[in-house]
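Report on the structure given below.
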Amino acid sequence: MDGLGRRLRASLRLKRGRWGPPQENLGEVVKEPERALEHCLPNFAGGQHFFEYLLVVSLKRKHSGEDYEPRIIYQFPKRENLLRGQQEEEDRLLGAIPLFCFPDGNERAPLTECPRETFSFVLTNVDGSRKIGYCRRLLPDGHGPRLPRVYCIISCIGCFGLFSKILDEVEKRHQISMAIIYPFMQGLREAAFPAPGKTVTLKSFIPDSGTEFISLTRPLDSHLEHVDFRSLMRCLSFEQILQIFASAVLERRIIFLAEGLSTLSQCIHATAALLYPFSWAHTYIPVVPESLLGTVCCPTPFMVGVQMRFRQEVLDSPMEEVGDEKDILPPKLQDDILESLSQGIKESQTSEQINEHVSRPFVQFFVKTVGHYASYIKREANGQGRFQERAFYKALTSKANRRFVKKFVKTQLFSLFIQEAEKSKNPPADYFQKKIREYEEQKKQKKPKEKTVK
């Protein structure tokens, strides 16, 4: 990765690594034009509707007749009889979407070849609610130069694997006729979003093929269903991933550079997912549209992706490296993460197995450093919790761990997490709590053995 040591704060160039060439259609990630109040997408129990809109966005000539601009050419469903406020909100939403479907700026033109890319973005409303756009960009069938097209599904649900499969079905039907998209999407709209580990089956008719049954299954463990670590592993070494993680933990400014939209969005989303159970609380734009490149001059923390064609504009911005990335995390815990990652990933492993393999040592890092947080939230008579910060980090016996935690507790990552914990009388029954319990049990089993040795 060119320039990692020199300009980690300024840029991270994603290139081909020992894991083989990046694949442009694996996972998806969000890009957000506004400040992200939290990165982790909502954990839906099931029962919600799958989506709000299906849009097809293509390039049309501007009124001047010279350049092209992205426009919505198909929308399902069409909304009618909306109240004035609802209509204004819809107009703002539909007006913003084309920009994020085609973030390439002046590169909009007819093409003879165009890589098929899957990516996604997030739009934040004034009230803080969010809508996620799942996109598939490709070149329609035909001969000669053609205008690329984007299928975009708008939903409030974060489940990228399922929506990638839905986009496959939409693409297949669109190649036959726009008319057969409607009954498929109508059936999907009427179906309830499945709970973790559950499946919803849709029946759909395709001319010349007959009736098809399409099964959509959510992973049983939903905390990683919105991410795919394979591109990150292909693009970066373990040491580089660890340095990026360390920089993100201290909420620094990070820019990724790559040409492919899928590569950028997959890698940035994977990086933010390494922070679980904490949520990136700052500017987060996996693919920055050309018109928003000024974001990289922002003095506040951000995690953004920039296409290589805009590399010079980004690297000319006034940013400085810090150079302490290898010293942020406790040395022993760094070694533990690298050892776990280096155990290798088999080609036969599924995406879920790879996600678990990569995520596990980072979750374990937080278990060892801050997993005891619940014991240092003291409850008042009204049930409101008060976090005992000083006693919390002083409880750590390792000086290296204590030095790290004293810095980490000052971040918004930790503050937002603790604020939620103070409100809740009982810790959530999630993956992080499960790992904390396992770690505590291991320590209990280890103590009698240590006493016997003495």
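The values are calculated or read from the model by the stated rules, or taken from the named source; none is laboratory data. Just so you know, these numbers come straight off a predicted model, no measurement behind them. Neighbour counts are summed over all protein chains in view; Cβ atoms, including those assigned to glycine, are modelled from backbone coordinates with ideal geometry. Just the protein is used for accessible areas: all its heavy atoms, side chains included, with ligands, DNA and RNA removed. Shrake-Rupley method; radii C 1.70, N 1.55, O 1.52, S 1.80 Å.
What is the sum of charges, Lys and Arg at +1 and Asp and Glu at -1, for the other residues whose Cβ falls under 11 Å from the Cβ of PHE50?
Net charge around PHE50: -1.
Ignoring ligands, DNA and RNA, what accessible area per residue does region 198-275 give at 1.4 Å, in Å²? Could the numbers behind the result be given before it?
Values: 2320 Å² over 78 residues.
Result: 30 Å² per residue.
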* Asked: Using θ = phi - 60° and the Karplus form 6.51 cos²θ - 1.76 cosθ + 1.60, what ³J(HN,Hα) does each residue of region 179-189 get, whole Hz, x for Gly and Pro?
  -> 5, 8, 6, 4, x, 5, 5, 5, x, 5, 5
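Hey, which of these cross-link pairs are over 25 Å Cα-Cα: LYS368/LYS423; LYS326/LYS444; LYS423/LYS444; LYS326/LYS406? Display every interim value, and only then the final one.
On the way: LYS368/LYS423 23 Å; LYS326/LYS444 32 Å; LYS423/LYS444 29 Å; LYS326/LYS406 17 Å.
Over 25 Å Cα-Cα: LYS326/LYS444; LYS423/LYS444.
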* **Ranked by how many other beta carbons lie within 10 Å on average, peptides 187-198, 155-166 from highest** => 155-166, 187-198
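Please give the per residue accessible area of region 348-454, computed with a probe of 1.4 Å over protein heavy atoms only, in Å².
Computed with neighbouring chains in place, this is 62 Å² per residue.
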* Taking the mean number of other Cβ atoms within 10 Å as a proxy for protection, how do you rank 301-314, 172-185, 408-421, 266-279 from highest to lowest? -> 266-279, 301-314, 408-421, 172-185
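Quick one: with all protein chains in place, what share of the accessible area of region 345-426 is carbon or sulfur, to the nearest percent (1.4 Å probe)? Mind dumping the intermediate values first?
Working: 2050 of 4530 Å².
So the carbon and sulfur contribution to the accessible surface is 45 percent.
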* To do: Give, as a single signed number, the net charge of other residues whose beta carbon lies under 9 Å from the beta carbon of LYS60, with Lys and Arg counted +1 and Asp and Glu -1.
  => +2
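Give the accessible surface of region 73-115 per residue, rounded to a whole number of Å², with probe radius 1.4 Å and ligands, DNA and RNA excluded.
Details: 2710 Å² over 43 residues.
Per-residue value: 63 Å².
Can you give the local net charge around ARG149? Use residues other than it whose beta-carbon is closer than 13 angstrom to its beta-carbon, Lys and Arg +1, Asp and Glu -1. It would help to have the intermediate numbers written out before the result.
Working: positive: LYS60, ARG71, ARG108, ARG116, ARG136, ARG137, ARG146; negative: GLU117, ASP141, GLU171.
That works out to +4.
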* **Restricting region 89-180 to GluC sites (Glu not before Pro) in coil, as DSSP defines it, with at most 15 other Cβ within 10 Å** => GLU113
